[in-house]
Amino acid sequence: MDLAFVYAETNPIMPDSEWPYVAHTTLFSCWERYRKSKGIVTVKTYRDVPANDPAQLKAALAQGPVSVAIEADKAAFQQYTGGVLSGSACGTQLDHGVLAVGWGTDASAGDYVIVKNSWGPNWGLEGFIKLASASGAGTCGINQSASIPTTN
């Protein structure tokens, strides 16, 4: 995510109304649609959240959404349909950028982080997943690489 924030420092982000998300099969096809003149938000700077500390991630979430990297190539993540995903079944080898948007507590599963995925509303809980808050790398590695941009 840090590289994306550096890019957005000089290339304003276009609003969804001008450039709605559409999955692509080729890496560079999306760049053909980008129009710098239609960008409305630039990143001023960003900061990384201290790694492997769920309390630091929660503190960052208290300020707003946080970009996080997770491992999403395992069935436990890909086939998620509800509840709080916990344990080591989804791994910690980071391969997917998502947005942590909040946290909560489940009576039986304990604390969790609410994550918005980019796979659309038909995946998970209408496009979201609840990842158990765990020490160290965290569920799906969520505590390993988190960062927050400051925008204009």
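What is the residue count in the stretch 94-152 for residues that are of a type in the set (Gly, Ala, Ser) and in a strand (DSSP E or B)? Counting residues in the stretch 94-152 that are of a type in the set (Gly, Ala, Ser) and in a strand (DSSP E or B) gives 8. The listed residues are GLY87, GLY102, GLY120, and the only one of them that is modelled with pLDDT of 95 or more and either more than 15 Å from SER147 (Cα to Cα) or surrounded by 13 or more Cβ atoms within 10 Å (Cβ to Cβ) (or both) turns out to be GLY102. Pairing residues of the stretch 57-78 that are at negative phi with residues that are basic (Lys, Arg) and not in a loop (DSSP other than H, G, I, E, B), at Cβ distances under 9 Å and at least 6 apart in sequence or on separate chains, gives ALA60/ARG47; PRO65/LYS116. Going through the stretch 72-111 one residue at a time, which ones are closer than 16 Å to TRP123 by Cα and in contact with a Gly (Cβ under 6 Å, 6 or more places away or on another chain)? Those that are closer than 16 Å to TRP123 by Cα and in contact with a Gly (Cβ under 6 Å, 6 or more places away or on another chain): LYS74, TYR80. Within the stretch 92-139, the residues that satisfy the criterion of being over 12 Å from the mean Cα position of the chain (by Cα) and of a type in the set (Val, Ile, Thr) are THR92, THR105, THR139. If you check ALA8, ALA72, ALA76, ALA4 for being aliphatic (A, V, I, L, M), assigned to a loop (DSSP other than H, G, I, E, B) and surrounded by 12 or more Cβ atoms within 10 Å (Cβ to Cβ), only one passes: ALA72.
Can you tell me how many residues in the stretch 65-76 are touching a helix residue (DSSP H, G or I) at 6+ places or on another chain (Cβ under 6 Å) and not charged (D, E, K, R)?
2
The condition (being exposed (fewer than 14 other Cβ atoms within 10 Å of the Cβ), of a type in the set (Val, Ile, Thr), within 29 Å of VAL22 (Cα to Cα) and in contact (Cβ under 8 Å) with a residue 40 or more places away in the chain) is satisfied by just one residue among THR92, THR81: THR81.
The values are calculated or read from the model by the stated rules, or taken from the named source; none is laboratory data. Computed from a predicted model, the values in this text were never measured in an experiment. Reconstructed Cβ throughout: ideal geometry from the backbone, glycine too, with neighbour counts over all protein chains shown.
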